[in-house]
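Everything below concerns the one structure shown next.
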Amino acid sequence: MAVAAAAYAGKYSIRAWQAFKARPPTARMQKFYEGGFQPAMTRREAAMILGLGENAPSEKVKEAHRRVMVANHPDAGGSHYLASKINEAKDSMLTRTKGSNSAF
């Protein structure tokens, strides 16, 4: 009786494992961008740094900037270089005219 129960449990386990392996893959984590920074900050790169879309409203940009800066602030052990890139990304996203350094 015990041998039959062990065989049945083994058969069930093998079938469950095969069903688990056959299921379609699901995205569990976002893939990180594997490149470096571009020489001139583009709107696309700024959006990637802040984790937003390229046409995000200014309120979302400010919220995302705050969230990313809290995690990477130099006073909390973050990098000065990354903090400057995050600030540059915020400035790039908040300026609406391309090629202009003025917010007006």
Kindly indicate whether Lys90 is out of contact with any Phe, Trp or Tyr (no Cβ under 8 Å at 6 or more places or on another chain), open to solvent by 70 Å² or more (accessible area, probe 1.4 Å) and assigned to a helix (DSSP H, G or I). no
Select from region 93-104 the residues that are at pLDDT below 90 and either open to solvent by 60 Å² or more (accessible area, probe 1.4 Å) or hydrophobic (A, V, I, L, M, F, W, C) (or both) and list them in ascending order. Arg96, Thr97, Lys98, Gly99, Asn101, Ala103, Phe104
Output for region 47-70, where each listed residue is within 11 Å of Ser92 (Cα to Cα), hydrophobic (A, V, I, L, M, F, W, C) and more than 13 Å from the chain's Cα centre (by Cα): Val61
Enumerate the pairs (first residue in region 37-49 and at negative phi and touching a residue at least 40 places away in the same chain (Cβ under 8 Å); second residue anywhere and among the polar types (S, T, N, Q) and open to solvent by 50 Å² or more (accessible area, probe 1.4 Å)) with beta-carbon separation below 7 Å, excluding pairs fewer than 6 apart on the same chain, so at least 6 apart or on different chains. Glu45/Gln38
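The values are calculated or read from the model by the stated rules, or taken from the named source; none is laboratory data. None of the values given here were measured: they were computed from a predicted structure. Please note: Cβ atoms are built from the backbone with ideal geometry, for glycine as well, and neighbour counts cover all protein chains shown. We work out accessible area using only protein heavy atoms, side chains counted, and drop any ligands, DNA or RNA first. Shrake-Rupley method; radii C 1.70, N 1.55, O 1.52, S 1.80 Å.
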